[in-house]
Structures are given as structure tokens and as C-alpha cells.
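K.L.:
Got a structure here, written out as C-alpha cells. Questions coming.
The values are calculated or read from the model by the stated rules, or taken from the named source; none is laboratory data. As the structure is a prediction and not an experimental result, all values here were calculated from the model. Glycine also receives a Cβ, built like all others from the backbone with ideal geometry; neighbour counts cover every protein chain displayed.
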Amino acid sequence: MYSGFLTVADRCSSCGLDLRAQDSGDGPAVFIVLIVGFIVVGLALYTEVAFAPPLWVHAILWLPVILVLAIGMLRPFKATMIALHYKHNLLGGTGNGGDGDAH
């Protein structure tokens, strides 16, 4: 599905589906920001209340967690968004999501 880290290939290597029109936009990034923010803020608040570490410990601890979670979730979320576009025929795909009308 990908020809690079986040670059969508022109065609699916398995079935030959044309993926040039499939664009996930900013949707995956929005979901990732909300999910990672929820996880990290909750854990940071718990850490602050339970252990009361200095601020530099929070910076050293949470910045790598944020980067790993965000980068790790980006490809699967982008693929899911493209799959949903295809399923619901939002970008002219031939998925099984209806009669071809984009609503």
C-alpha cells in the first residue's frame, strides 16, 4: 500500500487497485493527536500525583513516548482512513460500500 514511509503507492501490489485518488488528508493526524494526548496526559497526571517528579523528568519521559506513539500509529491510521474511503466510495473507488453515490 505504501511506496515510502507515508507515501501511498500508485497501485496495490496485491490486487492492482488504483490508489492515486485515495487521500487520507489530515484525518489520521487528528485522531492520533487526540488519542496520544489522552494517553500521555493521563499518565503524566498520574505520575505527577503519585511521584511528584521535577519537570525535567516529565520532559525526558513523555517526549519520547509522544514521538513513538505518534509515529507508530500514523501508518495504520492512514491505511484505515484510505480503506474507509474505498469502502464507502468516497473517492470514486469500487468498494462494496453502496451503489456508487458519494453522500
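K.L.:
Identify the residue in region 1-25 that is polar (S, T, N, Q) and surrounded by 10 or more Cβ atoms within 10 Å (Cβ to Cβ) and, among all such residues, is nearest to the chain's Cα centre (by Cα). Spell out the reasoning first.
P.N.:
First pass over region 1-25, keeping only residues polar (S, T, N, Q): 3, 7, 13-14, 22, 24.
Subsequent filtering for residues that are surrounded by 10 or more Cβ atoms within 10 Å (Cβ to Cβ) retains 3, 13, 22, 24.
Values: S3: 17, S13: 21, Q22: 15, S24: 9 Å.
Ranking the qualifying residues of region 1-25, first place goes to S24.
K.L.:
Select, from I66, I82, the only residue that is surrounded by 13 or more Cβ atoms within 10 Å (Cβ to Cβ) and touching a residue at least 60 places away in the same chain (Cβ under 8 Å).
P.N.:
I82
K.L.:
Given the conditions (1) in a helix (DSSP H, G or I); (2) surrounded by 15 or more Cβ atoms within 10 Å (Cβ to Cβ), and given that V49 satisfies all but one, which numbered condition is not satisfied?
P.N.:
Looking at each condition in turn, V49 falls short on (2).
K.L.:
Which of (1) outside any loop (DSSP other than H, G, I, E, B); (2) modelled with pLDDT of 95 or more does A29 not meet, given it meets every other one?
P.N.:
(2)
K.L.:
Looking only at region 26-42, count how many residues are over 15 Å from the mean Cα position of the chain (by Cα), surrounded by 11 or more Cβ atoms within 10 Å (Cβ to Cβ) and without any contact (Cβ under 8 Å) to a residue 12 or more places away in the chain.
P.N.:
1
K.L.:
Still on this structure, please answer the following. For A52, are the conditions met, namely being small (G, A, S) and farther than 20 Å from Y86 by Cβ?
P.N.:
Numbers: small (G, A, S): yes; farther than 20 Å from Y86 by Cβ: yes.
Criteria met by A52.
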